[in-house]
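One structure below.
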Amino acid sequence: MFLDEPPETETTERLYAGDNDGRGYVMNLTRLWAWRPEVFEDFLKLRNALTGESSLTPREVALIVSATASTLGDSYCSLVWGEALAKESDGRTAARVLRGDEPESLSPREAALVRWVRRVARDPNGTRPEDVERLRAAGMTDREIFEATAFAAFRLAFATVNDALGARPDRQAAEAARPKVRAAVTYGRPPETGEEKE
């Protein structure tokens, strides 16, 4: 990242320990957000509050992030969430979403959701009432439409901070992603190779 390592505090140590316990390594984005660990933790709480009480499925959440991140050109979230989407569907579907395509394996509701979050990511002022009507026609409730839009917007804000301050995708995340997912992410910052920290 472009910033120096933040000072070690009890809070940053807790963040790093959480990554090590859950992933086996400290993510680059965690090191970046450790400059304001309380903001990072509040963001995670807000995200969990939104998705934890939502009827959006894990597959739909993975679609929202993958479509949003790829539209923004964010390689970090695309690799991590593209792999999450591949687990919820398959590698081909995830790769096509990451490339900006609309896979035939998506349901009408999923396809409408992907089109919506891409529009939100590209031009939120360009949305129209008929766009929302298409989501309703595909079976989404107004609450789900709000939740999907808010979640996409949260991801855009989060990814923008990571991208602007140079947080590169972790080598481990890139290695964990299946080949079709890795091959689809041709944009954004390249993953670390492992040599950077030696």
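Couple of notes before you dig in:
- Scanning the stretch 43-51 for residues that are in contact with a helix residue (DSSP H, G or I) (Cβ under 8 Å, 6 or more places away or on another chain), among the polar types (S, T, N, Q), over 18 Å from R168 (Cβ atoms) and surrounded by fewer than 20 Cβ atoms within 10 Å (Cβ to Cβ) turns up at least one hit.
- Check on A152, among the aliphatic types (A, V, I, L, M), modelled with pLDDT of 95 or more, within 28 Å of R115 (Cβ to Cβ) and buried (at least 17 other Cβ atoms within 10 Å of the Cβ): yes
- For the stretch 123-136, the set of residues classified as loosely packed, with under 12 Cβ neighbours inside 10 Å, part of a helix (DSSP H, G or I) and not polar (S, T, N, Q) consists of G126, P129, E130, E133, listed by residue number.
- So E38, is it in contact (Cβ under 8 Å) with a residue 12 or more places away in the chain, buried (at least 18 other Cβ atoms within 10 Å of the Cβ), in a helix (DSSP H, G or I) and of a type in the set (D, E, K, R): no
- For the stretch 1-35, taking the residues that are over 21 Å from the mean Cα position of the chain (by Cα) and of a type in the set (S, T, N, Q), the one that is nearest to Q172 (Cα to Cα) is identified as T12.
- Odd one out for E13, checked against (1) assigned to a helix (DSSP H, G or I); (2) closer than 28 Å to D123 by Cβ: (2)
- Of all residue pairs spaced 6 or more apart or on separate chains, those with beta-carbon atoms under 7 Å, a first member in the stretch 4-20 that is under 22 Å from G166 (Cβ atoms) and a second member that is part of a loop (DSSP other than H, G, I, E, B) and among the hydrophobic types (A, V, I, L, M, F, W, C) are P6/A34; P6/W35; T12/A34; L15/A34; Y16/V26; D19/V26; D19/M27.
- Test: S54 is surrounded by 17 or more Cβ atoms within 10 Å (Cβ to Cβ) and farther than 19 Å from F158 by Cα: yes
- When the criteria are applied in full, P169 meets the requirement of being within 22 Å of W35 (Cα to Cα) and within 15 Å of the chain's Cα centre (by Cα).
- Members of the stretch 155-198 that are closer than 28 Å to L113 by Cβ, in contact (Cβ under 8 Å) with a residue 60 or more places away in the chain and small (G, A, S): A159, A167, A173, A174, A176, A177, A183, A184, G188
The values are calculated or read from the model by the stated rules, or taken from the named source; none is laboratory data. Here the structure is a predicted model, which is why all the values come from computation and not from measurement. Cβ atoms come from the backbone with ideal geometry, glycine included; neighbour counts cover every protein chain shown.
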